[in-house]
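The values are calculated or read from the model by the stated rules, or taken from the named source; none is laboratory data. Since this is a predicted model, take the numbers as computed values, not measurements. Glycine also receives a Cβ, built like all others from the backbone with ideal geometry; neighbour counts cover every protein chain displayed.
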Ligand SMILES: NC(=O)c1ccc[n+]([C@@H]2O[C@H](COP(=O)([O-])OP(=O)(O)OC[C@H]3O[C@@H](n4cnc5c(N)ncnc54)[C@H](OP(=O)(O)O)[C@@H]3O)[C@@H](O)[C@H]2O)c1
């Protein structure tokens, strides 16, 4: 698995998402198994949040990483309504308990809320000093939010990015590149929806004896400073996603994809799900 540097550590360019995990008890075993399979295949960055299944996804992750903690780069997120001086340490303790660990590698503000950014950053920094988190970052921040944040210690910005949602290419992505701030792309395969039946995407996939989802991932990873975090429970999806790291798209593929999925020509409002 290829890696890139994120705030002083090497992390895999493809990680594993966990949204929708922990919601259904009957899926629990398969979810744990999928994450363990993904770790074995090198997708050792796992992205979760206190929001997902109200802690249920963190519990799934906690079970999946049992005995494997040292191999995993753990990312979790705090709700904006918990992102206060008092709220952050408490939310972090709850996440640590569910994750069954004593530190989170990267702790993100899930989206911007009512608390001043300085207060959130101060609380993150305190957690870092205490060793409860390795580093911190943000999610769903546009350029103006990042400029206001103005914190070199911010390790990443996690945003919606896929073939259908290319808005960040206009300004946010170049800005992050200039600041050497790695971007984490969520919903990289469009939540497995209609994007995957696009005829151009299918043609490019056929040319490479790959699947549309693999091309969608390789397309994101054409950029050096972007990490993709697909979520997969089906074992064949986990394997295909890990293999996508080897897939190299050619200029003709990128051109064809540009015709089918247009790059932004002007500033767009930051898309979120
Ligand atoms: N920061 C934020 O605000 C935010 C927002 C949304 C998401 N996220 C994070 O980003 C992660 C990824 O986003 P997402 O889960 O919304 O969407 P996604 O990863 O784009 O898509 C997940 C869906 O695609 C299917 N899938 C996975 N691999 C596939 C493959 N190779 N071929 C065909 N289908 C495949 C999955 O099915 P199976 O599960 O059945 O295998 C699942 O239904 C989340 O899980 C979460 O960790 C963050």
Completion exercise
Over region 187-202, the set of residues under 18 Å from the mean Cα position of the chain (by Cα) and surrounded by 22 or more Cβ atoms within 10 Å (Cβ to Cβ) is 187, 188, 189
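With the requirement that a residue be within 11 Å of the ligand (Cβ to nearest atom), outside any loop (DSSP other than H, G, I, E, B) and within 18 Å of the chain's Cα centre (by Cα), what does region 203-238 give you?
213, 214, 215, 216, 217, 220, 227, 228, 237, 238, listed by residue number.
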Handout entry: Which listed residue, of 27, 34, 53, 49, is within 12 Å of the ligand (Cβ to nearest atom) and either surrounded by fewer than 17 Cβ atoms within 10 Å (Cβ to Cβ) or at pLDDT below 95 (or both)
Key = 27
Problem - Test: residue in region 126-135 that is within 16 Å of the ligand (Cβ to nearest atom), closer than 25 Å to residue 273 by Cα and touching a residue at least 12 places away in the same chain (Cβ under 8 Å) - result: no
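Run down 181, 173 and say which single residue is away from the ligand (no atom under 13 Å from the Cβ), surrounded by 16 or more Cβ atoms within 10 Å (Cβ to Cβ) and assigned to a loop (DSSP other than H, G, I, E, B). I'd like the intermediate steps shown before the answer.
On the way: 173 fails: assigned to a loop (DSSP other than H, G, I, E, B).
That would be 181, the only listed residue that is away from the ligand (no atom under 13 Å from the Cβ), surrounded by 16 or more Cβ atoms within 10 Å (Cβ to Cβ) and assigned to a loop (DSSP other than H, G, I, E, B).
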Exercise for the section: Kindly provide the set of residues from region 142-170 that are within 13 Å of residue 271 (Cβ to Cβ) and not in a strand (DSSP E or B), ordered by number. Expected result: 142, 161, 163, 164, 166, 167, 168, 169, 170
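Quick check on residue 67: is it under 23 Å from residue 185 (Cα atoms), modelled with pLDDT of 95 or more and either away from the ligand (no atom under 13 Å from the Cβ) or not in a strand (DSSP E or B) (or both)? First the steps, then the outcome.
On the way: under 23 Å from residue 185 (Cα atoms): no; modelled with pLDDT of 95 or more: yes; either away from the ligand (no atom under 13 Å from the Cβ) or not in a strand (DSSP E or B) (or both): yes.
No.
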